[in-house]
Amino acid sequence: MINEITSDQLPEDMKAAYDEWHTYFVDSVNALGFKPYTGYSGEDKNLLAWRSKEEFIAWYGQPPGNEPYRDNGFYTRELSWLSLWCNPKIVLEIGTDKGIGTFLLSRLNSQALIHTLDIKPTVKMPDDSDIETGYFAKENQFNIIFEQMDSKDYKLADVDLCFIDGDHSKEAVWNDSLAAWWNRHKARRWVIVWHDYRDGEEFRGLKTSIHRFSQTVARKPVFKLTDSATVWMTNE
């Protein structure tokens, strides 16, 4: 089940973290090194923003909906305030891809160890060239362990925050959700976050699996802010 809410309906402690998300994001990126990437000259603003730390903060620091994102409803806001609220020690990302989300998780959770998984050794850029999976995070390496394997075979104890952004097929999202559930830290605050909860045929399987997982495995609600494509479940 999906509970669509406004930020004013968040519990008090979550609302406090939500209200600080942008400051927390900016401070977290500024606190550590940033290696610019100038090897892309296309139109994708998500990649052009890597030309400098200032451009990265300006672009990725927008809330969903203020700009026609090529990846609309981007996940910076939710990852920021949920990281601040959860204060994780172990973070698991399923779906490394180019490493943009990995980089964000690393900076937002400098106190944590980030484990990131992807089954592919390379991923496509918009110009159809190949780059190493996790490239942007590897260029800004800090607290990250990279794994090339299928998430359904992965075991990691006591995960506080799991971000699911891999294969969006029905089967893959189901397996990734189960992996997040089995690996969660039961004695601390935990969060499971899914990206790309959107309308459209290509997201039908993803939404079906999240609903099924919520109702039959976790038996807990999944929450979504009205302007976001990122949804979450917590221990509370």
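The values are calculated or read from the model by the stated rules, or taken from the named source; none is laboratory data. Because the structure is predicted, anything quoted here is derived from the model rather than measured. Don't worry about glycine lacking a Cβ; one is built from the backbone with ideal geometry, like all the others, and counts go over all protein chains shown. Please note that ligands, DNA and RNA were not included when accessible areas were found on the heavy atoms of the full protein model with its side chains. Shrake-Rupley method; radii C 1.70, N 1.55, O 1.52, S 1.80 Å.
For each pair in LYS15/LYS98; LYS89/LYS124; LYS53/LYS170; LYS15/LYS89; LYS98/LYS170, compute the distance between the two Cα atoms and list the pairs where it is over 26 Å.
Over 26 Å apart, Cα to Cα: LYS15/LYS98; LYS89/LYS124; LYS53/LYS170.
What percentage of the solvent-accessible surface of region 95-231, computed with a 1.4 Å probe over protein heavy atoms, is contributed by carbon and sulfur atoms?
Answer for region 95-231 is 47 percent, counting heavy atoms of protein chains only.
Give the accessible surface of the chain per residue, rounded to a whole number of Å², with probe radius 1.4 Å and ligands, DNA and RNA excluded.
Normalised by residue count, the accessible surface of the chain is 44 Å².
Is there a quick way to get the dipole size of region 106-236? I mean about its Cα centre, with the Cβ of Lys and Arg at +1 and of Asp and Glu at -1; what is the value in debye to the nearest 20?
840 debye
Using only alpha carbon positions, build the gyration tensor of region 1-124, then give the equivalent ellipsoid semi-axes as the square roots of 5 times its eigenvalues, largest first, whole angstrom.
24, 18, 16
Which of the aspartates and glutamates could be linked to LYS186 by a straight reach, that is with a Cα gap under 15 Å, when you skip same-chain ones fewer than 8 residues away?
Result set, ordered by chain and number: ASP158, ASP160, GLU236.
Give the separation of the Cα centroids, region 87-124 to region 186-229, in Å.
So the two Cα centres are separated by 19 Å.
Using every alpha carbon pair in region 159-236, what percent of pairs falls into each 10 Å bin from 0 up to the bin containing the largest distance?
P(r) over region 159-236, rounded to whole percents: 20, 58, 21, 1.
So for region 77-121, considering every pair of alpha-carbon atoms, how many percent are separated by more than 13 Å?
The proportion of pairs with Cα distances above 13 Å equals 51 percent.
Send over the Kirkwood Rh of the chain, from the inverse of the averaged 1/r over different Cα pairs, rounded to one decimal Å.
About 17.8 Å, per the Kirkwood formula over Cα pairs.
Enter the per residue convex hull volume of region 2-64, computed from alpha-carbon coordinates, in Å³ rounded to the nearest integer.
Each residue corresponds to 116 Å³ of Cα convex hull volume.
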